[in-house]
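The values are calculated or read from the model by the stated rules, or taken from the named source; none is laboratory data. Just so we're clear, the structure is a prediction, and the values are computed from it rather than from any experiment. Using ideal geometry, Cβ is built from the backbone for each residue, glycine included, and neighbour counts are taken over all protein chains shown.
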Amino acid sequence: MIFTDKARIYVEAGKGGDGMSSFRREKFVEMGGPNGGNGGKGGSVILKATADLNTLVDFRYKRKFIAKNGNGGGTQNCTGARGTDVIVKVPVGTLVKDDQTGARIADLTEDGQEYIAAKGGRGGKGNACYVNSIKRAPTFAEKGEPGTHTWLKLELKLLADVGLVGYPSVGKSSIISRVSAARPEIAAYHFTTLTPVLGVVRLDSERSFVLADIPGLIEGASKGVGLGHDFLRHVERTKVLLHVVDVSGMEGRDPIDDFNKINKELAAYSAKLAKRTQLVVANKMDMPDSPANFEKLKAYVEGQGYQIMAVSAVTGAGLKELMNKAFNLVQAYVPEPEAADIPTLGAGEELDQDKFEVIKGNDTDFEVKGKAIERLVAMTNFDNDEALYRFQLIWKRLHIEEALKAAGIKEGQTVRILDMVFNYKEGSAV
Ligand SMILES: Nc1nc2c(ncn2[C@@H]2O[C@H](COP(=O)(O)OP(=O)(O)OP(=O)(O)O)[C@@H](O)[C@H]2O)c(=O)[nH]1
Ligand SMILES: [Mg+2]
């Protein structure tokens, strides 16, 4: 889900230093010539894109950037010192716009790319510069040029790193409102949140991530019940899911049941989403029945290989630890392999290649033989979810399960395809 982070900043460059008007005054040299030096250039304010930042959140705290003036020129043709430039680091992807008109001024898309947001004034020329054949002893010097100054709008498109999912009213919006500047509506009725909300969670000056609060999910969400489909689309590209469960039992539901139902919806929506790193968040720990319910839920989810943390969005207990943990999980995220890893069948080969036969196996109960299926097995990386998903689709399309059933297979019997042996289970390929 894309969210635009915005900031407004003021940039002001330094004025150029004034030129100097002076004459040589040395012992034994009468009427020395003009020797006033030039003023130094004023400092500029330069925006510089860096891959180290990922939000504009820092500009909430500091928004004015003012560079120093150049120094005036000196006697003896001394040029004044330049005002130092102020370098303002912005994340790669920052769009710079005119504050008044909104017109695009610069698009900083590459690491290291710079944009001079306010240009330092040129230093004034000293009187030494104005000597010519007519004017041998000019007394005037130029003043420094003023620097430019302006307000700018910065915009950055952000992708949510972490998504809050869970039943309605489990406290998703309450959590995001405590850990970020986002202020979604919070209320005791279901579907309070109707559109996704994003917030930037800032742990310290170096560590921040984007958190998405989406509307509550219910049974059938994956089929588009409520606004389910749309909501799930918003968390599809997050790196980590925080699965919020209300352990207070105050709505009369069983937390374990809630947990399973939401996971079922995620899986029904997409295999990828089901495999996304998921941290279980037991919320409303401040309520009387929560500790006991938490222990039960903990035992259950840990048994399934999930980690769980206990929080209360009302008292704030555990939220800091939760956000630190979420950040670490975001850092540990490894992108799923692209679709290129998935074996595909060659075009035009399908028809007779799709043929297969089910025979009695030597060391297994059954064996499936056929070009397409054997090739598919050879090419599928069974550790890769997408590949596995693809495998299951083709398995279904070839109607292998039906053939196995027709051959009389029973649950738990073994099937061999090339070097792969698996236990048959109705409705699932491997
Ligand atoms: N006691 C207690 N109540 C909480 C806690 N967190 C949230 N609530 C309450 O639970 C209700 C629902 O909170 P929300 O934050 O709106 O829940 P949600 O998950 O965003 O709900 P939807 O947007 O409808 O999906 C509100 O009345 C909150 O005040 C908590 O930690 N303890
Ligand atoms: Mg909400």
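Summary table
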| quantity | calculated |
| --- | --- |
| Inter-residue pairs, beta-carbon under 9 Å, first of a type in the set (Lys, Arg) and in the stretch 383-398, second modelled with pLDDT of 70 or more, 6+ apart | 390/376; 390/380; 397/354 |
| Residues being under 19 Å from the mean Cα position of the chain (by Cα) and modelled with pLDDT of 85 or more - total across the stretch 224-271 | 6 |
| Residues within the stretch 136-166 that are buried (at least 24 other Cβ atoms within 10 Å of the Cβ), more than 32 Å from the chain's Cα centre (by Cα) and either under 16 Å from residue 126 (Cα atoms) or within 16 Å of ligand 1 (Cβ to nearest atom) (or both), tallied | 2 |
| Subset of the stretch 67-96 (residues that are in contact with a strand residue (DSSP E or B) (Cβ under 9 Å, 6 or more places away or on another chain) and either among the hydroxyl-bearing types (Ser, Thr, Tyr) or without any contact (Cβ under 8 Å) to a residue 40 or more places away in the chain (or both)) | 75, 94 |
| Matching option when the condition is under 28 Å from residue 100 (Cβ atoms) and free of Cβ contacts under 8 Å to residues at least 60 places away in the same chain, among 64, 15 | 64 |
| Matching helices (runs of 4 or more DSSP H) fully within the stretch 248-336 where at least 2 residues are within 16 Å of ligand 2 (Cβ to nearest atom) and not acidic (Asp, Glu) | none |
| The stretch 188-217, subset of a type in the set (Gly, Ala, Ser) and more than 8 Å from ligand 2 (Cβ to nearest atom), residue farthest from residue 326 (Cα to Cα) | 188 |
| For residue 195: the one exception among (1) among the polar types (S, T, N, Q); (2) more than 6 Å from ligand 1 (Cβ to nearest atom); (3) buried (at least 19 other Cβ atoms within 10 Å of the Cβ) | (3) |
| Tally, over the stretch 405-420, of residues that are outside any loop (DSSP other than H, G, I, E, B) and closer than 17 Å to residue 371 by Cα | 4 |
| Every residue from the stretch 306-338 that is among the small types (Gly, Ala, Ser), surrounded by fewer than 19 Cβ atoms within 10 Å (Cβ to Cβ) and modelled with pLDDT of 95 or more | 316, 317, 318 |
| Where a residue in the stretch 117-142 is over 18 Å from residue 82 (Cβ atoms) and its partner, wherever it lies, is among the hydroxyl-bearing types (Ser, Thr, Tyr) and crowded, with 18+ Cβ neighbours inside 10 Å, with Cβ under 6 Å and at least six apart | 127/21; 138/130; 139/21 |
